[in-house]
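The values are calculated or read from the model by the stated rules, or taken from the named source; none is laboratory data. Here the structure is a predicted model, which means the values were calculated and not measured. Note: ideal-geometry Cβ built from the backbone for every residue, glycine included; neighbour counts use all protein chains shown. To get the accessible areas, we keep the full protein, side chains included, count just its heavy atoms, and leave off ligands, DNA and RNA. Shrake-Rupley method; radii C 1.70, N 1.55, O 1.52, S 1.80 Å.
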Amino acid sequence: MRKKIVAGNWKMNMTTAEATALVNALKEDLANFRDVEVVLCPPFTALATVSELVHDTHLDLGAQNMHWAKNGAYTGEISAGMLRELYCHYVILGHSERRQYFGETDAIVNRKTQAALASSLHPIVCVGETLQEREAGKVEEVITTQVQGSLAGLSAKELLDSVIAYEPVWAIGTGKTATSDQAQEVHALIRQILTKAYDATVAQGVRIQYGGSVKPSNAKELFSMPDIDGGLIGGAALDAKSFIDIVRAAV
Ligand code: 13P
């Protein structure tokens, strides 16, 4: 049985003061909650603060990006070791906003994924097609290329230590959610790609989150689909009540 995982991707939001208020509100309800794995992914500047606030709870910590190198002359970048020092256990990699605005390719995402795993961080590797690609009938082709490229060279154990997030680009921040059937179809496709590359047991063990306009009103239906193992939540993760409702919808 795959344990559901719901992560909040705060993106470039939340000062440390705002983060403190949000985490304290989340803790009132979720501090001892174990039925679903809950991961908070604040911006780098709030990681240390959130790390302290969650250290005695069941809430887990993740970052939104990292560099593949251990250290060195990479101005503005952050390494896996730096994240581990703050007790981060997860890192989102290859988010469509990183791919779109910062030129991240599957090859870059793969280097980062390998580096994260080498430092015992669980990568949350994002894939997803644009509206144009969907309308051109290219969903299968795009997802296959992204999954194979981003996860290239991973051992079965490394794959099982990773989480995949399917985030259709057209559903991110638009209020347009994929229907649960549309999402399930792509999640099943991802599992099929992994079955071919590894085997059915490995593919059945990997957790695949859905992301893109998840709200309290649609979370339950999405999370009840057989291949959807939780969500990667953007906008709705910035509001304590919405995020708590979404987490509880995953039980
Ligand atoms: P929204 O939930 O705001 O659509 O964002 C989804 C997302 O990109 C999470 O990583």
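Miscellaneous remarks
- Between region 42-59 and region 150-193, the Cα center-to-center distance that results, in Å: 26 Å
- Portion, in percent, of the accessible area of region 66-197 that falls on carbon or sulfur, probe 1.4 Å: 52 percent
- Residues Glu37, Glu141, Glu104 ordered from highest to lowest accessible area at a 1.4 Å probe: Glu141, Glu37, Glu104.
- If you sort Met1, Met82, Met66 by accessible surface, 1.4 Å probe, largest first, the order is Met1, Met82, Met66.
- The length gained by stretching the chain between Gln148 and Thr201 to full extension, at 0.36 nm per residue less their Cα-Cα distance, is 17.3 nm.
- When each of the peptides 55-63, 109-117 is scored by the mean number of other C-beta atoms lying within 10 Å of its residues, the order from highest to lowest reads 109-117, 55-63.
- Rounded accessible area of Trp68 (nearest 10 Å², 1.4 Å probe): 80 Å²
- At a probe radius of 1.4 angstrom, the accessible area of region 157-251 per residue rounds to 39 square angstrom.
- Positive-pole candidate from Met82, Ser96, Phe33, dipole of the chain, charges at beta carbon: Met82
- Surface calculation, 1.4 Å probe, protein heavy atoms: Phe102 sits at approximately 130 Å² accessible.
- Highest-MSF residue in the chain out of Ala197, Ala46, Ala152 [GNM, Cα springs under 10 Å]: Ala197
- Relative contact order of region 1-112, taken over Cα pairs closer than 8 Å and 6 or more residues apart, is 23 percent.
- Dipole magnitude for region 1-75: about 360 debye, using +1 per Lys or Arg Cβ and -1 per Asp or Glu Cβ, origin at the Cα centre.
- Under a model in which nothing but the beta-carbon of Lys, Arg (+1) and Asp, Glu (-1) is charged, region 105-145 shows a dipole of about 280 debye around its Cα centre.
- Shape call, region 1-110: gyration tensor on alpha carbons, a/c limit 1.5: prolate
- Placing unit charges on the Cβ atoms of the charged side chains and taking the dipole of the chain about its Cα centre, the candidate lying farthest along the positive direction among Asn13, Ile108, Pro168 is Ile108.
- A simple spin-label model places pseudo-atoms 7 Å from Cα toward Cβ; at Thr20 and Asp239 they are separated by 2.5 nm.
- Surface exposure of region 31-102, expressed per residue as accessible area with a 1.4 Å probe, stands at 51 Å².
- When the chain is treated as a GNM with alpha-carbon contacts under 10 Å, the residue of Pro216, Pro226, Pro168 showing the greatest mean-square fluctuation is Pro226.
- Relative contact order [Cα under 8 Å, 6+ residues apart], region 49-104, whole percent: 37 percent
- Our summary gives the chain a relative contact order of 21 percent, counting only alpha carbon pairs under 8 angstrom and 6 or more residues apart.
- Spin-label zone in region 147-181 - amide nitrogen under 20 Å from a point set 7 Å from the Cα of Met225 along the C-beta vector: 147-148, 163-181
- When the chain is reduced to its Cα atoms, the Kirkwood hydrodynamic radius in Å: 17.9 Å
- Measuring only protein heavy atoms, the 1.4 Å probe finds Arg99 accessible over about 50 Å².
- Dipole magnitude for region 78-151: about 300 debye, using +1 per Lys or Arg Cβ and -1 per Asp or Glu Cβ, origin at the Cα centre.
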